[in-house]
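Scroll down for the structure; my scribbles are underneath it.
Just so you know, all these numbers are worked out from the coordinates, no wet-lab data involved. Everything quoted here is computed from the prediction, not taken from an experiment. Here the Cβ positions follow ideal geometry from the backbone for every residue, glycine too, while neighbour counts run over all protein chains shown.
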Amino acid sequence: MTTTRERGAPARAPAPDSDRAAYRATLLELARADGRVWCLDSDMGGLERQFEAELPGQYVDLGIAEANLITVAAAVASTGVLPFVNTMAAFASARALEQVKIDVAYHALPVRIVGTHSGLSAAHLGPTHHAQQDLAIMRGLPNMTVMTPADPAETVRMVRASAYLPGPVYIRLGRNPTPPVYTDDADFTVGRAVRLRTGGDVTIVAAGALPVRFALDAARRLAAAGIEACVLNMHTIKPLDVAALVEAAETTAGVVTVEDHSVLGGLGGAVAETLAEHRPARVVRVGVGDAFCSRPGSHEEQLAQCGVSRDHVVRAAESVLRGRPDVRISTEQGESP
């Protein structure tokens, strides 16, 4: 078993307390520096006051009309503008899918679609506003880059990095305040996973704020039982870091994926597909089951009801390790959901 080491433990929390706040601040920073950076809004609130006061020529609120929003973004992008589209993940990926596919992705236009309230983070709004399928939809579109940050500091770096990428980008953000994972100076490269914790027994691959936190918490619980888990933050779902996954499959007993998304077609599907082609390995997916979540509860409560929690990650790691004679599994801590 390897010695545990974590990187990116926060020395202090970034000023923004949520991914959305970090995104807004960074978008304003980019727009102040480059007149080609525009915000196209869908009556989301939070950006209009500052943009209209400082940069009225770079802000357009098109209202709750997501299909039209995407078409307008494609139109202005074709003239040299770098538009950031501000809307909910559920509506960007489903209601406006035809426009995203034909108007944006088909022409490989530099439209940055920022989908907020991702996964089950809009818990109280119910299935109409949940985004359980957006990763599967967006990563299936040619030319599309797909990313989701672990905390506000990574959101800042992700938005900056996306501004001048070729082609369209989908950035997936949660709704709620997000505890820090990183220090402000942590590295960020599109398409390259970040190793948050080393370990030689099992690899946990997570994407998004709560999944990364669940992965780190589960790894600490496993470590207390003598099991060392490597934790990878797979912030870029497309293009996926194939080399990091192959290394994980070769150096640990298998891979657990963790996501605030359906187990069908998201991070877990992408990892399983990649390893099936490059280095077959045991993969256990922790994600929302193949069902809508209509029960009441907070974001974490709804995720737990649907199969995503720290306990679920621990049990998945145990499943990967079961049968290895050199690993004794004893991690139970109370009743799991």
Note to self: Would region 250-310 count as rounded, prolate or oblate if I go by the C-alpha gyration tensor, calling it rounded below 1.5 in a/c and otherwise prolate when a/b exceeds b/c, oblate otherwise?
What the structure shows: prolate
Check: Kirkwood hydrodynamic radius of region 19-119 from all distinct Cα pairs, in Å?
Finding: 13.3
Check: How high is the relative contact order of the chain, in percent, counting Cα pairs under 8 Å that sit 6 or more residues apart?
Finding: 18
Check: Quick one, what does Rg over Rh come out to for the chain if you take C-alpha atoms and the Kirkwood Rh?
Finding: 0.98
Next item on the list: Specify the inter-centroid distance of region 259-280 and region 184-251, based on alpha-carbon positions, in whole Å.
Entry: 14
Check: If R0 is 45 Å, what FRET efficiency do you get for Glu273 and Ala53 from their C-beta distance, rounded to 0.05?
Finding: 0.45
Item checked: Cut-off 15 Å, label 7 Å out along Cα→Cβ of Asn68, residues of region 79-110 by amide N -> 96
Check: Using alpha carbons only, how many degrees (0 to 90, rounded to 10) separate the axis of helix 152-162 from the longest principal axis of the chain?
Finding: 60
Next item on the list: Using only Cα atoms, find the angle between the long axis of helix 209-224 and the longest principal axis of the chain, and express it within 0 to 90 degrees, rounded to the nearest 10.
Entry: 10
Item checked: Relative contact order %, region 123-275, counting alpha carbon pairs below 8 Å whose residues are six or more apart -> 29
Item checked: Three-way shape call for region 157-199 based on the alpha-carbon gyration tensor, with the a/c threshold at 1.5 -> oblate
Notebook entry, point to check: When the label point is put 7 Å from the Cα of Ala291 along its Cα-to-beta-carbon vector, which residues of region 118-150 have a backbone N closer than 16 Å?
Noted result: 127
Note to self: Rounded to the nearest 20 debye, what is the charge dipole size of the chain about its Cα centre when +1 sits on each Lys and Arg Cβ and -1 on each Asp and Glu Cβ?
What the structure shows: 500
Notebook entry, point to check: Can you give the Rg to Rh ratio for region 148-277, taking only C-alpha atoms and Rh from Kirkwood?
Noted result: 0.95
Check: When the helix-only estimate is applied to the chain (DSSP H runs of n ≥ 4, each -39,500 (n - 2.57), divided by the residue count), what is the mean residue ellipticity at 222 nm, nearest 500 deg cm²/dmol?
Finding: -9500 deg cm²/dmol
Check: For the Cα atoms of the chain, what angle does the longest principal axis make with the long axis of helix 267-278, in degrees from 0 to 90, nearest 10?
Finding: 70
